[in-house]
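Report on the structure given below.
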């Protein structure tokens, strides 16, 4: 019986709507654990998650049967539902439309884990917008400036 062998690592970067700083320390770990459960329920492997109040980085090993865009859509939909049902905010929480999805080679996984773990020290020196533009450039992704608006720092 033939098998499919894969090792697909994806680095996701996503943020609250308008890139607002809403992921405060008092909910951050609970949100990360909840997202971990979503990933597990989707039969995928979360390798690392961390971020800042205005964005999240997530390294996932994804199976080829699930499209990367469908995966992040399910993560965002389920986590925003949980955030709203938990009444963490006085307003309705939504994630920003779209996200960054970057492929990672197996040999770069340790580097990316360290990078994700060091988000807080990294952003003491660098703004999210600058980081995001650098990720796009490093991955050879062209973009239209009108879709990079709404960065609230």
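Give the separation of the Cα centroids, segment 1-73 to segment 113-141, in Å.
Cα centroid to Cα centroid, the span is 16 Å.
Could you put 93, 88 in order, starting from the residue whose Cβ has the fewest other Cβ atoms within 10 Å? Let's see the in-between values first.
Working: 93 19, 88 16.
Neighbour counts put them in this order, fewest first: 88, 93.
Once the Cβ-Cβ distance between residue 28 and residue 124 is put in as r, and R0 is 25 Å, what FRET efficiency do you end up with, to the nearest 0.05?
Working from the Cβ atoms, E equals 0.95.
How do 117-125, 77-85 rank on mean C-beta neighbours within 10 Å, highest first? Walk me through the intermediate numbers first.
On the way: 117-125: 11.8, 77-85: 15.3.
With the highest mean Cβ count within 10 Å placed first, the list reads 77-85, 117-125.
With a 10 Å radius around each residue's Cβ, average the other Cβ atoms per peptide and rank 39-49, 131-141, highest first.
The peptides rank, most packed first, as 39-49, 131-141.
What order do you get for 13, 97, 109 when you list them from fewest to most C-beta neighbours inside 10 Å? The partial results should precede the final answer.
Working: 13 20, 97 10, 109 17.
Ascending number of Cβ neighbours within 10 Å: 97, 109, 13.
Give the order of 52, 58 when sorted by the count of other beta carbons within 10 angstrom, beginning with the fewest.
Working: 52 17, 58 23.
The most exposed by this proxy come first: 52, 58.
Give, as ranges by residue number, the residues of segment 102-131 whose backbone N falls under 14 Å from the point 7 Å along Cα→Cβ of residue 143.
Label zone hits: 102, 127-131.
If every alpha-carbon in the chain counts as one equal scatterer, what log10 I(q)/I(0) does Debye give at q = 0.10 1/Å?
Results for the chain at q = 0.10 Å⁻¹ read -0.35.
Please work out how much length the chain gains when fully extended from residue 40 to residue 4, using 0.36 nm per residue of separation minus the C-alpha to C-alpha distance, in nm with one decimal. Numbers along the way, then the final one.
Values: separation 36, 0.36 × 36 = 12.96 nm, distance 1.99 nm.
Contour length minus Cα-Cα distance gives 11.0 nm.
Rule-based calculations on the coordinates, nothing more; no lab input. Owing to the predicted nature of the structure, the values given are computational and were not obtained by experimental measurement. Here the Cβ is made from the backbone with ideal geometry for all residues, glycine too, and neighbour counts use every protein chain on show.
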